[in-house]
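Colleague: Let me begin by handing over the structure; questions about it come next.
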Amino acid sequence: MKATPHVYVSDRVSRRDFLKLSSLVAGMGGVMVLSGCGPAAQDATTDDATDATDDASTEAATLGDGTTLRVGMEAAYAPYNWQVSEESEYTIPIENVSGAYADGYDVQVAKMIAEALGMEPVAVKLDFTGLIDALNNGQIDIVCAGMSVDPDRAQSADFSDSYIDDDIVMITTQDSPYAGATTFADLAGASVMGQAATMYDTVIDQIPDINHMTPGETVPIVVESLASGTSDVITYSMLSVPKLLETYPNFVELEMEDKFEGSVMPDNAAIAKGQDAILEQINEVINAIPEDERQQMWNDCMDRQPA
């Protein structure tokens, strides 16, 4: 965000202007007399302080190198983000994977943020668990990765407002003994899997008397565990269920009366702490996206995402 120029409405002349005029008049052999001028030292202090404030504001509103916006994501979490081999109007290059591009809902929002900042976005493909560390060691400038703010993450990074809100549901197979479950008690004895280092895994502890399986590193691994019979039930994105059931016709969503507590998952961007001006600008971009446009973007990503 660029600093707004200051306009001084005053009969005072700043010290810099005074020196310029003095030099000009002296060169002409004249003598300059100014009336109604305040103390020169006071004006110099005011001007210098204003310049320092302007410089600080400009610096605070610059993210990374100010040219390339390095966006951290795992590029394996469709429809939030995924990797493709062909460039399109929806993609950005993946900086650390030759010939690869990233697409997805996070990518579309990252492109909007980059445009507002006057920067060119590129994805940096990393493990989800390493994104905050990568942000703080300068490897990336921003996280857009289907990441939700929580108290632990908020200690290490500053998070934007949400650009879409998801929730957690449970999926099983049509022939599963748990297909008719409506309460947590109905799931007793089930082997349940979620994605590592996400709420999809941590909410499973709210279900009593089940086998909480070692989480899968990626969503495809979690889905495959259900398809292969390794798990009985998986936790999954509510917004992504329609595409999942289209791809796996033998999967069903459990119609649960019992709900997970604290399971609503906002999708927040994250930046390193101490960049309030940038965070404000990012929030302006996010809050300017109408709800119907957010849903349409999500639907379009669901249609484009890989099977």
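The values are calculated or read from the model by the stated rules, or taken from the named source; none is laboratory data. Owing to the predicted nature of the structure, the values given are computational and were not obtained by experimental measurement. When we count neighbours, we look across all protein chains shown, and the Cβ atoms used for this are built from the backbone with ideal geometry, even at glycine. Only protein heavy atoms, including side chains, enter the accessible area calculation; ligands, DNA and RNA are left aside. Shrake-Rupley method; radii C 1.70, N 1.55, O 1.52, S 1.80 Å.
Colleague: Which whole-Hz couplings ³J(HN,Hα) result when phi for each residue of the stretch 206-220 is put into the Karplus expression 6.51 cos²θ - 1.76 cosθ + 1.60, θ = phi - 60°, listed in order with x for Gly and Pro?
Modeller: 7, 9, x, 6, 10, 8, 7, 6, 4, x, x, 5, 10, 4, x
Colleague: Moving on. Can you run phi through the Karplus equation (6.51, -1.76, 1.60; θ = phi - 60°) for the stretch 227-241 and list ³J(HN,Hα) in whole Hz, with x for Gly and Pro?
Modeller: Along the stretch 227-241, the couplings run 4, 8, x, 5, 10, 8, 9, 10, 8, 7, 6, 4, 5, 9, 4 Hz.
Colleague: State, to one decimal in nm, how far the label point of D303 lies from the label point of T129, with both points 7 Å from Cα in the Cβ direction.
Modeller: 3.8
Colleague: Taking H as built 1.01 Å from N, whose amide H comes closer than 5 Å to the amide H of T173, not counting residues under 5 places away?
Modeller: Those qualifying (amide H under 5 Å, at least 5 residues apart or on another chain) are V252.
Colleague: Report, by chain and number, residues whose modeled amide H sits under 5 Å from the one on Y77, excluding near sequence neighbours (fewer than 5 apart, same chain).
Modeller: Hits under the 5 Å cutoff: W82.
Colleague: Starting at the first residue of the stretch 162-179, write each ³J(HN,Hα) from the Karplus equation 6.51 cos²θ - 1.76 cosθ + 1.60 with θ = phi - 60°, in whole Hz, x for Gly and Pro.
Modeller: Going residue by residue, I get 6, 10, 5, 10, 10, 9, 10, 10, 10, 10, 9, 9, 4, 8, 6, x, 9, 5 Hz, with x marking Gly and Pro.
Colleague: How large are Rg and Dmax for the stretch 141-264 when calculated on the C-alpha trace, in angstrom?
Modeller: Looking at the stretch 141-264, its Cα Rg and Dmax stand at 14.8, 47 Å.
Colleague: Using all alpha carbons of the stretch 217-280, what is the percent of pairwise distances in each 5 Å bin, ordered from the shortest bin to the longest?
Modeller: With a bin width of 5 Å, the distribution comes to 3, 12, 19, 19, 15, 9, 8, 7, 6, 2.
Colleague: Also, I was wondering about something else. For a label point 7 Å from the Cα of A154 along Cα→C-beta, name the residues of the stretch 126-148 whose backbone N is under 15 Å from it.
Modeller: 148
Colleague: Here's something else I'd like to know. Per 0.36 nm of contour for each residue apart, how much would the distance between E217 and A185 grow if the chain were fully extended, relative to their Cα-Cα spacing?
Modeller: So the chain would gain 8.8 nm between E217 and A185.
Colleague: A follow-up question, please. Calculate, for the stretch 67-204, the solvent-accessible area per residue in square angstrom, rolling a 1.4 angstrom probe over the heavy atoms of the protein chains. Walk me through the numbers before you get to the answer.
Modeller: On the way: 5240 Å² over 138 residues.
Each residue of the stretch 67-204 exposes 38 Å² on average to a 1.4 Å probe.
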